[in-house]
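Let me begin by presenting the structure, written as structure tokens, before commenting on it.
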């Protein structure tokens, strides 16, 4: 073909493309590059253009004329549609070309169709040349992320609805065997059983296990204590006779209606013979419905013992599930979990202050790690410490012993509530972490001056701190000291950057992911170590370098990104990548907990659907971009 004819063909292609988005906004040079390299292909009616069976996609298609049917393949829905008709100017399959993998859809020519075809290598070069085209493809991935969230929302909403359905039978929500006594049982024995078993009511049954009465905690005050009744009297003397009972096959809303109509807090479930099968309380109905934040906070703040706080922890988990079902993102969800966990921790501290004399001491309870960053997931242990001021008039050793005794009790109660002891002993009861302001400053200074491997590891844990209770201004003073120390120690940040780069995103050169990094979990990826940590470490370094007080990773990325001149689109993509990894961690941990296993962070990518695999790969790419920025800034 002559040069003139080629030029005319290129010009005609440019003119045709300019009628459609995003080509109407593309830079002239990039559009010319596309027109010069695109080849027009013909696909007769009913012919397959792309299918999953064809393997990795090496061609990007733009419909010049005709119609193409995009239809999902397989049983897993990875988009919000099952089939979609594409027309002139529309493109496919963007995600597959970007990932160099097989398509998840089949593309069929509905009529005789012509498509511009661009080789994958030229597609990548075009993305680098054109900001508009790059943005178009990035937004496409963002659209996929939104679809993944909706898919996740549907999944959890279905499970939440199953748990929350008011049309469920009472037998479905009874999880504990009922505790009951005979009518002649002494009151003393009944009360002791209720206290030891942490139950709020006791059902009185006859010899056939048919309920004849009920006794509750609220009955004790008005029927025993105030009248001064002997505890040796039988429970039949103080029980409420004729308790409200329903068939175990009755619906949950029947129980709710009975409680509302008769102003009672308990309804008994019985079998066909009238025998006691279980007790349904107001709390049971409370956990079935969309648990409210205000109610949980009131429950926590008014708790008078650890048992109540432990139940509040279960309520927090239920509310978190509801929020997942409502499509709440990982950033908001981890902050929400952290905020309620903070409230539980503060209440545990307050309960212990009643038995420890710390009056007149200026001190604060510090949280480190994920709690210090407001990023707690469903599975978290304790990471805490104490900072205090020791006036000249006080004996240092005596003051430390008082604080350590207090911390030991708080750590013990936090473990009982549901925050396990830290295996690395990063707890306030450790004398190394119960220090004066000056001692903390000296510890930080030593790590910064001599950044050996252990010091760098300590910095990654302890530099993410915040005060939960007490003299919070002490934490502010420590933060100011830390930022001033780092200003004059560029070598330290360079060493931190080098340490952060020792862990790389688990992206494979042949396979999508590297899954042999954790020998005890073959085929899995540790999303904490090889996922979230990559973002967290980089964000910490950028925050220290730019003098940020913030400890939350997303806030650090956004604010440091502004100070470092990062493009808003680049920052947003990094944040989305981090949040998606956090969302996968939350989903996996909740699944593990529901099946009676301790939640962990080990994901088998082969068990993810195609959409989540694709977005996880893109998230790891964003982590790699963040690390490349570290490498460039600190020359490591």
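Of the residues 373, 347, which single one is surrounded by 16 or more Cβ atoms within 10 Å (Cβ to Cβ), in contact (Cβ under 8 Å) with a residue 40 or more places away in the chain and more than 27 Å from residue 444 (Cβ to Cβ)?
On the way: 373 fails: more than 27 Å from residue 444 (Cβ to Cβ).
Unique residue meeting the criteria: 347.
Note on segment 368-406: residues that are out of contact with any strand residue (DSSP E or B) (no Cβ under 6 Å at 6 or more places or on another chain) and either over 25 Å from residue 583 (Cα atoms) or in a loop (DSSP other than H, G, I, E, B) (or both) total 26.
Do the conditions hold for residue 392, that is, is it more than 14 Å from residue 475 (Cβ to Cβ) and touching a residue at least 24 places away in the same chain (Cβ under 8 Å)? Answer is no for this residue. Of these, 606, 618, 576, which one is within 15 Å of the chain's Cα centre (by Cα), in contact (Cβ under 8 Å) with a residue 60 or more places away in the chain and either under 26 Å from residue 137 (Cα atoms) or not in a helix (DSSP H, G or I) (or both)? Matching residue, one of 606, 618, 576: 576.
Looking only at strands (runs of 3 or more DSSP E) that fall completely inside segment 1-109, which ones have 2 or more residues that are outside the structural domain of residue 512 (by TED's automatic domain parsing) and at pLDDT below 85?
Values: elements: 39-43, 48-50, 59-65, 68-72, 83-86, 105-109.
Hits in segment 1-109: 68-72, 83-86.
Just one of the listed residues (228, 272) is farther than 29 Å from residue 309 by Cβ, free of Cβ contacts under 8 Å to residues at least 12 places away in the same chain and surrounded by fewer than 16 Cβ atoms within 10 Å (Cβ to Cβ), and it is 228. Only one entry in 596, 561 is over 13 Å from the mean Cα position of the chain (by Cα) and not in a helix (DSSP H, G or I), namely 596. Please tell me if residue 39 is touching a strand residue (DSSP E or B) at 6+ places or on another chain (Cβ under 6 Å) and either within 14 Å of residue 115 (Cα to Cα) or surrounded by 14 or more Cβ atoms within 10 Å (Cβ to Cβ) (or both). So residue 39 fits the description; yes.
Going by the structure shown, is residue 367 under 22 Å from the mean Cα position of the chain (by Cα) and at pLDDT 95 or above?
Details: under 22 Å from the mean Cα position of the chain (by Cα): yes; at pLDDT 95 or above: yes.
Criteria met by residue 367.
In segment 118-139, the qualifying residues are those that are surrounded by fewer than 19 Cβ atoms within 10 Å (Cβ to Cβ) and touching a strand residue (DSSP E or B) at 6+ places or on another chain (Cβ under 7 Å), and the one that is farthest from residue 570 (Cα to Cα) is 119.
From the list 568, 605, 598, exactly one residue is closer than 26 Å to residue 483 by Cα and surrounded by fewer than 22 Cβ atoms within 10 Å (Cβ to Cβ). Which is it? Show your work before the answer.
Working: 605 fails: closer than 26 Å to residue 483 by Cα; 598 fails: closer than 26 Å to residue 483 by Cα.
Of the residues listed, the single one that is closer than 26 Å to residue 483 by Cα and surrounded by fewer than 22 Cβ atoms within 10 Å (Cβ to Cβ) is 568.
Would you confirm, using the coordinates I've provided, whether residue 584 is in contact with a strand residue (DSSP E or B) (Cβ under 7 Å, 6 or more places away or on another chain), farther than 22 Å from residue 628 by Cβ and free of Cβ contacts under 8 Å to residues at least 60 places away in the same chain? When the stated conditions are applied, residue 584 passes them.
I'd like to know if segment 543-550 contains one or more residues that are buried (at least 23 other Cβ atoms within 10 Å of the Cβ), touching a residue at least 60 places away in the same chain (Cβ under 8 Å), over 17 Å from the mean Cα position of the chain (by Cα) and not assigned by TED's automatic domain parsing to the domain that holds residue 379. Reasoning before the result, please.
Step one: list which residues in segment 543-550 are buried (at least 23 other Cβ atoms within 10 Å of the Cβ), which gives 543-544.
Filter once more, keeping what is touching a residue at least 60 places away in the same chain (Cβ under 8 Å): 544.
When the remaining residues are screened for being over 17 Å from the mean Cα position of the chain (by Cα), the result is 544.
Add one more test, that the residue is not assigned by TED's automatic domain parsing to the domain that holds residue 379, and what stays is 544.
Within segment 543-550, one or more residues are buried (at least 23 other Cβ atoms within 10 Å of the Cβ), touching a residue at least 60 places away in the same chain (Cβ under 8 Å), over 17 Å from the mean Cα position of the chain (by Cα) and not assigned by TED's automatic domain parsing to the domain that holds residue 379.
Would you check if residue 431 is at pLDDT 95 or above and either touching a strand residue (DSSP E or B) at 6+ places or on another chain (Cβ under 7 Å) or in the same structural domain as residue 369 (by TED's automatic domain parsing) (or both)? Taking the combined requirement at face value, the residue satisfies it. Across segment 194-209, the number of residues qualifying as surrounded by 15 or more Cβ atoms within 10 Å (Cβ to Cβ) and within 20 Å of residue 228 (Cα to Cα) comes to 1. Within segment 352-362, is even one residue touching a strand residue (DSSP E or B) at 6+ places or on another chain (Cβ under 7 Å) and not in a helix (DSSP H, G or I)? Within segment 352-362 (the criterion being touching a strand residue (DSSP E or B) at 6+ places or on another chain (Cβ under 7 Å) and not in a helix (DSSP H, G or I)), the answer is yes, since at least one residue qualifies.
Would you list the helices (runs of 4 or more DSSP H) that sit entirely within segment 443-500 and hold 3 or more residues that are over 18 Å from residue 383 (Cβ atoms)?
Working: elements: 453-462, 473-487, 490-500.
Answer list for segment 443-500: 473-487, 490-500.
Take segment 471-513 and flag every residue that is buried (at least 20 other Cβ atoms within 10 Å of the Cβ) and out of contact with any helix residue (DSSP H, G or I) (no Cβ under 8 Å at 6 or more places or on another chain). Within segment 471-513, just 475 meets the criteria.
The values are calculated or read from the model by the stated rules, or taken from the named source; none is laboratory data. Source: prediction; values computed, not measured. Don't worry about glycine lacking a Cβ; one is built from the backbone with ideal geometry, like all the others, and counts go over all protein chains shown.
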